[in-house]
Structures are given as C-alpha cells and as structure tokens.
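Structure first, then comments.
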2 protein chains.
Amino acid sequence: MTLGRPLQFDPEQALESAMQLFWRKGYEATSLQDLLQATGLSKSSLYQTFGNKHTLFEQCVEHYRRNMIQKMQEMLAQASSGRAFIKQLFLGVFDETQGENAHRGCLIMNTASEFAQSDPVIAKLVTQGTKAFAELFQAAITQAIAEGDIPPKKDVKVLASYLMASLTGLKTLVKSGTSAEEVKAITGVILSTLE
Amino acid sequence: MTLGRPLQFDPEQALESAMQLFWRKGYEATSLQDLLQATGLSKSSLYQTFGNKHTLFEQCVEHYRRNMIQKMQEMLAQASSGRAFIKQLFLGVFDETQGENAHRGCLIMNTASEFAQSDPVIAKLVTQGTKAFAELFQAAITQAIAEGDIPPKKDVKVLASYLMASLTGLKTLVKSGTSAEEVKAITGVILSTLE
C-alpha cells in the first residue's frame with residue numbers, strides 16, 4: 001500500500017473558485033478551460049479530485065448551499081428581530097445592482113432557471129437547496145410572529161414560499177437591468193404583505 | 001443582376017422553431033446541430049437567412065417579444081376587467097407545472113437570468129422586453145383602477161414592476177419543482193397586494 005503524493009493544492013479553495021465561476025457564468029457557458037484557469041489546477045488534478053464538469057458542478061452547488069445557509073443562519077441569529085432579518089435579505093439585493101458581484105443572483109435559483117427539470121441529479125440538488133432556504137424563511141417568520149411583528153393568522157409555509165418567489169423575481173429583475181431605486185420601491189410592496 | 005433562387009422554406013416558421021428550442025433549452029445549451037434539426041434547414045440556409053447563432057438568437061428574442069405582447073394585448077382586450085386579466089396571467093403559471101410546455105418560464109426573463117448584463121446586445125433586447133411587459137402591466141393596472149378594482153392611491157409603475165418580479169419569481173419556483181398547489185397559494189399572497 002502506498003499513500004500517494006500529498007495534494008499540492010487546497011481542494012476547498014479550488015471548489016470555492018470553481019463555484020464562484022459557475023455562479024457568475026452559469027453551467028453551460030463555463031468551459032473546462034475557464035475552470036482550469038480559475039482553480040489553477042491541471043486537467044488531471046481537476047478530474048482526479050472532482051470527477052468531470054458535471055460532478056464538479058454538483059459539488060459546487062452543495063458547497064454554495066452549505067455556505068449560504070450557514071451565513072444566513074448567522075445573520076438570523078445576529079439580527080435584532082426576525083422581521084429585521086427578512087428586511088436585511090431584501091436590502092442585500094441592492095448590492096447586486098452594482099459593483100464586482102453585480103447581477104449574480106442566487107446560484108440555486110440560477111441553476112433552477114438554467115436546467116429547469118431537465119437533469120434529474122441537478123433537479124434534486126435544486127430541491128434540496130430551495131427546501132433549506134424555505135426552512136430558514138419559515139424560522140424567521142415564526143420568530144417574527146412570536147415577536148409580534150407579523151400577524152399570527154399568516155400561513156408560515158405559504159408566506160415563506162412567497163418571500164422566496166419575491167426575492168428570486170427581484171434578483172432576476174436586477175439581472176435584467178432594474179435600478180437600485182426600483183428595487184427599493186418593489187421591496188416596499190413585497191414587505192407590505194407581512195402586515 | 002440576378003434575383004437568385006426563391007427560398008425553399010418559410011423563414012417565419014424556421015424562426016418560430018428556433019425560438020421554441022431556445023425557449024426550452026436556453027442559449028448556451030442549444031447547439032448548431034439542435035438548431036438545424038429543429039428548423040430543418042441546411043447550415044448554409046440558416047447562416048444566409050439568420051447570420052450566426054447569436055444573431056439568430058437576437059431575432060428569436062424579438063420574435064418572442066412581438067408575439068407574446070400581441071397575445072397579452074388580445075388577452076387584456078378580451079378580459080372582463082383589468083383585474084381579471086392580471087389574475088389570468090398568474091393562473092397561467094399553473095400550466096407550467098405540467099404538460100409538454102412545463103418549466104419553460106418566460107424567454108425574456110430566462111435570457112436575463114442566463115446572460116445577466118454580460119452581453120450588451122442581449123442586455124438591450126432584455127430591457128426592451130421588460131419595458132414592453134411593464135407597459136402592459138401598467139395598462140392593466142390603470143384600467144383596474146378606473147374600474148374600481150384597485151385603490152387609486154397605488155403607484156401604477158411600482159405595482160407593475162412588483163407584479164413582473166412576482167410572476168418571474170413564481171415561474172422560477174416552478175422551474176425548481178414547486179407544485180401547482182403551492183403556486184396557487186403563493187398567487188393568493190401576490191394578488192393580496194392589489195387590495
């Protein structure tokens with residue numbers, strides 16, 4: 001038995017770089033050459049570590065979901081209230097109207113849009129992602145109801161799905177060129193449904 | 001001067017077939033081979049008539065916008081009220097949860113999602129498309145206000161942008177696998193903002 005040569009690169013860092021690229025460009029528009037350049041890996045290292053482009057993409061979607069959910073859970077824990085967390089998420093869309101990370105949207109919903117239900121493996125990853133986001137929205141709404149900021153008669157599950165649809169639609173409008181000003185006005189209407 | 005040979009095919013029909021394909025698969029995932037098969041054209045006919053894949057796609061997006069806007073204008077003219085037209089548009093999302101044309105979304109918003117602002121020519125076509133849809137929503141809302149079905153204090157432009165964001169987000173959720181049942185419940189929340 002040989003232990004083999006130790007890895008000359010950090011797989012987590014390579015995964016992060018590949019994920020950033022897929023997030024910005026989408027699956028189909030990202031070439032193997034793009035991936036090698038972004039990760040700094042040789043073709044053989046990339047294939048040995050992550051399989052092919054499809055399996056690398058699967059790992060990137062899971063990596064995104066884990067990181068994003070953790071980040072949002074921390075945001076919720078640190079927010080002054082459940083309602084404040086929800087508002088903060090929508091205010092975050094402003095950042096997507098400008099700067100280096102503009103027009104990226106959400107990798108899970110970008111993937112839903114690109115693949116729809118055409119690829120069963122990807123469809124399952126998208127379902128896992130939307131389920132995780134829905135649970136987080138449900139937790140925030142439940143907290144906001146307990147805090148007296150959302151009326152208790154509201155259906156938590158439906159309201160969570162509605163907020164996800166709204167956030168996704170808003171991010172797509174930003175991709176179509178909608179201004180920060182318009183995002184703010186639309187967000188006002190979206191959040192009025194929490195009254 | 002020669003008049004050349006007459007076309008052996010209907011360019012409008014070829015454009016429609018190519019558009020249907022791009023709508024279902026997206027730009028990047030559609031190959032030249034797919035396009036030749038869908039349109040029944042030879043490579044030289046396709047290039048002579050439509051230019052390259054990119055210019056063909058541009059013509060498909062314009063073709064989609066023209067047809068969809070005309071269809072929606074007819075729907076609005078035939079609807080019993082502005083409010084009924086808006087409801088009908090959202091009910092139409094049900095059809096996208098099943099059947100042959102399931103999970104297609106809207107070609108303009110799919111294109112916004114796929115390209116974001118990365119391609120100036122496409123970005124301009126997307127802006128033209130969202131502007132045309134926004135004007136149609138504004139016309140329906142203005143009519144509904146005149147008919148007493150939406151309070152006159154509502155901001156027509158903001159409400160139109162909100163409805164576009166909601167419809168787009170809902171269609172993306174459908175692409176992620178959301179059921180007809182959930183679509184109905186979310187639509188209820190969206191339309192409650194018209195009260």
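With charges only on Cβ, +1 for K and R and -1 for D and E, what is the dipole size of the range B:61-192 about its Cα centre, in debye, rounded to 20? Could the numbers behind the result be given before it?
Details: 14 positive and 13 negative charges, 57 e Å.
So the magnitude is around 280 debye.
Please report A:K71, B:K131, B:K154 as a ranked list, fewest other C-beta atoms within 10 angstrom at the top and most at the bottom.
Details: A:K71 10, B:K131 13, B:K154 18.
Ranking A:K71, B:K131, B:K154 by Cβ neighbours within 10 Å, fewest first, gives A:K71, B:K131, B:K154.
Modelled this way, with points 7 Å down the Cα-to-C-beta line, the labels at B:A185 and A:S31 are 4.6 nm from one another. Expressed as a fraction of 2.2 N^0.38 Å, the C-alpha radius of gyration for the protein assembly as shown is 1.06.
Between rounded, prolate and oblate, where does the range B:105-180 land on the alpha carbon gyration tensor, with a ≥ b ≥ c its root eigenvalues, rounded for a/c under 1.5, else prolate if a/b exceeds b/c? Oblate, since a/c reaches 1.5 and b/c is not below a/b.
Put a plus charge on the Cβ of each Lys and Arg, a minus charge on the Cβ of each Asp and Glu, and nothing anywhere else: the dipole of the range A:1-82 about its Cα centre is then about 100 debye. For the range B:26-52, backbone nitrogen atoms closer than 15 Å to the point 7 Å from B:A102 Cα along Cα-to-C-beta are found at no residue.
Take every residue in peptide A:180-191, count the Cβ atoms of other chains within 10 Å of its Cβ, and give the average of those counts. Before the final figure, lay out the partial values.
Values: counts 0, 0, 5, 2, 1, 6, 9, 2, 3, 11, 7, 0.
Taking the mean over all residues of the peptide, I get 4.
Here the simple spin-label model places points 7 Å from the Cα toward Cβ, and for B:Q70 and B:T127 these points are separated by 2.6 nm.
If neighbour count is taken as other Cβ atoms inside 10 Å, put B:T111, A:T142, A:T30 in order from fewest to most.
A:T142, A:T30, B:T111
Taking the 0 to 90 degree range and rounding to the nearest ten, how far is the long axis of helix B:180-192 tilted relative to the main principal axis of chain B, both from C-alpha atoms? For B:180-192 against chain B, the angle is about 60 degrees. Each Lys and Arg Cβ is given +1 and each Asp and Glu Cβ -1; about its Cα centre, the protein assembly as shown then shows a dipole of about 100 debye. Placing R0 at 41 angstrom, the Cβ-Cβ distance between A:A146 and B:Q78 gives a FRET efficiency of 0.30 after rounding to 0.05. Dividing the Cα radius of gyration of the range B:61-192 by 2.2 N^0.38 Å, with N the residue count, gives 1.05. Let me have the relative contact order for chain A, percent, based on Cα pairs under 8 Å that are six or more residues apart. Relative contact order for chain A comes out at 22 percent. The angle between the Cα long axis of helix A:53-78 and the main principal axis of chain A comes to about 40°, on a 0 to 90 degree scale. Distance from the Cα centroid of the range A:115-191 to that of the range B:172-195 is 11 Å (rounded to whole angstrom).
Just so you know, all these numbers are worked out from the coordinates, no wet-lab data involved. Computed from a predicted model, the values in this text were never measured in an experiment. FYI the Cβ positions are ideal-geometry reconstructions off the backbone, even for glycines, and counts take in every protein chain you see.
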